[in-house]
Amino acid sequence: MQNNKSNTLRQSSQPLVTFIVTYYNLPVPMLCECINSILALSLGPSEREIIVIDDGSEVSPMNGLMQYGDDIIYVRQKNTGVSMARNKGLEMAQGKYIQIIDGDDYLLQVPYEHCLDCIRDGQEEVDIVLFDFTQNNSIKQGFGEPKKYNGTEYMRNHNLKGGTWCCIFRNAIRGKLHFTAGICYAEDEEFTAQLILRAEVLYFTDAKAYYYRKRKTSAVHQKDDTSKQKRLDDTISVIKSLSIKADRMPNNDRLALQRRVAQLTMDYIYNTIILTHSRKELEKRISELYAEGLFPLPDRDYSQKYKWFRKMTNTTLGRTVLLNTLPLLNKER
C-alpha cells in the first residue's frame, strides 16, 4: 500500500482517472466495498489511481486496507472536514480525470462503464460526464445515449443534481477551484456549479452509476438543533457566494448560475420549514435573503415546482400554508 510519503512509487504514465475516496469513522467493510467497486472496473492498474483520504478517524482503517497493496494510496490527516479531505485528494491527484466518492458509497459497474466510454472514445476532449445516482442497487436500470452540451447551455436549461460525486471531470478544467474550508453541508453545490460552467464539452447520461447509501448517522441526517442550524448556515453561505460570483460573469454564464442560485434558494426555504417548523426562523431567514437581493425568488419559468413554490412564498398566507403542510408531507414519505 502506498501512503502520502511514497509518491515516488507512482506509475510514470498518467492514469486516466483518479478516484478520490473520503473516509471518516465508517465501518471498514463499507470502505472496502467502495474500493472493490473501483477495482471491478475495466481500468488497468496504470489507468487508475485510488486515493483514500482518512479525515482523522478515531480508528485508522489501515489494517483492513492492507489487502489492496499498491492498488491504493492511503493518506491519514487531522480531522478538518470533508471539504479539506477532498482538497487534499485534488492536490495529490495525477489522473487526467477525477471521480470523487464518499467512502460509504460505491460505483455500479455496468452504468459506470457506460460513463467511462464517454471519456475513452477518443474523438474529442470531454470535460465532464454527468450521470445519475440511485439508492436502490437491486433494480437493473437501462440508460439512453449520452447527450452533448456545453456547461453553460446545460445549466441554463436543466436543474442540477449538485453532488460532485455524480460526475467525472477533467482535472485541467478545475484550475484552482477547490472546496471551501469549514463548509460541511452544500459544499458540493458551490464546487459543482462553478465546475460545470467551465466545461466546453459536457455529456449528460441518465445512467444511475453511483450508489448513494442513506445512513442515519451521516451528517445530512443529523436531527439535533446545532446540526440543523449549521446545515442552514452553510447553505446560505454557499448561495451568497454563488450569487456574488454570478454578478461578475459574462451574460450567459451569469444567467446560468442565477438559475442555480434561485433553485438553491428555493431548497433553502423549503429546508428551513422542514428542519425548524418555526415561523420565527422562516421569517428571519427570508429577511436575510431579502437584504441580499435573493428574495422574492425571481420570476422565471424554471419548472412547475419552482413557479408554484415562488408564488406560495411571496405571501404571508402562502408561507403559513407551507409551514402547516410541508412537514406533514415530508413525514409521510
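In the range 210-333, how does Rg compare with the Kirkwood Rh, expressed as the Rg/Rh ratio over alpha carbon atoms?
That ratio is 0.98, to two decimals.
What number comes out for accessible area per residue over the range 279-333 if the probe is 1.4 Å? Units Å², please.
So the range 279-333 comes to 69 Å² accessible per residue, rounded to a whole number.
Roughly how compact is the range 144-281, stated as its Cα Rg over 2.2 N^0.38 Å to two decimals? Kindly include the intermediate steps, with their values, before the conclusion.
Working: Rg = 15.9 Å, N = 138, 2.2 N^0.38 = 14.3 Å.
In units of the globular-protein estimate, the range 144-281 measures up at 1.11.
Given the -39500 (n - 2.57) contribution per DSSP H run of 4+ residues, what per-residue ellipticity at 222 nm results for the chain, rounded to the nearest 500 deg cm²/dmol?
Only helices count here, giving -14000 deg cm²/dmol.
At q = 0.06, 0.08, 0.13 Å⁻¹, what log₁₀ I(q)/I(0) does the chain have when each alpha carbon counts as one equal point scatterer in the Debye sum?
Log-scaled intensity ratios, in q order: -0.22, -0.40, -1.05.
Two decimals, Cα atoms only, Kirkwood Rh: what is Rg/Rh over the range 79-154? Spell out each step's value before the answer.
Working: Rg = 14.9 Å, Rh = 15.0 Å.
Ratio of gyration radius to Kirkwood radius for the range 79-154: 0.99.
Under a 10 Å cutoff between Cα atoms, tell me which one of T316, T205, T134 has the largest fluctuation in the Gaussian network model of the chain.
Comparing T316, T205, T134 in a Gaussian network model of the chain, the most mobile one is T316.
Cross-link candidates for K305: which aspartates and glutamates have Cα within less than 14 Å, leaving aside residues fewer than 8 places away along the same chain?
Once the sequence-local aspartates and glutamates are set aside, what remains near K305 is D267.
So what is the relative contact order of the chain, in percent, for Cα pairs below 8 Å that sit 6 or more residues apart?
16
How many angstrom separate the Cα center of the range 39-90 from the Cα center of the range 255-332?
Going from one Cα centre to the other spans 39 Å.
How big is the range 132-225 by Rg and Dmax over its Cα atoms, in Å?
Here Rg and the maximum Cα pair distance are 15.1, 44 Å.
Taking θ = phi - 60°, what integer Hz values does the Karplus form 6.51 cos²θ - 1.76 cosθ + 1.60 yield along the range 49-65, in sequence order, with x for Gly and Pro?
9, 10, 10, 9, 9, 8, 7, x, 4, 4, 10, 5, x, 3, 4, x, 9
Please report, in whole Å³, the volume per residue of the convex hull around the C-alpha atoms of the range 1-126.
Convex hull of Cα atoms, per residue: 102 Å³.
So what is Rg over Rh here for the range 157-200, counting just Cα atoms and using Kirkwood for Rh? Kindly include the intermediate steps, with their values, before the conclusion.
Working: Rg = 10.5 Å, Rh = 11.1 Å.
In the range 157-200, Rg relative to Rh is 0.94.
Can you give me the long-range amide H partners of I50? Hydrogens built in the peptide plane at 1.01 Å from N, cutoff under 5 Å, separation of 5 or more residues or another chain.
Answer set, sorted by chain and number: F19, I73.
Could you work out how far helix 109-120 tilts from the main Cα principal axis of the chain, as a 0 to 90 degree angle to the nearest 10?
80
Can you pull a Stokes-Einstein diffusion coefficient for the range 72-212 at 4 °C (1.567 mPa s), Rh from Kirkwood over Cα pairs, as a whole number of µm²/s?
Diffusion coefficient, whole number: 82 µm²/s.
The values are calculated or read from the model by the stated rules, or taken from the named source; none is laboratory data. Because the structure is predicted, anything quoted here is derived from the model rather than measured. Ligands, DNA and RNA are stripped out before the accessible areas are found, and what is left, the full protein with its side chains, is counted by its heavy atoms. Shrake-Rupley method; radii C 1.70, N 1.55, O 1.52, S 1.80 Å.
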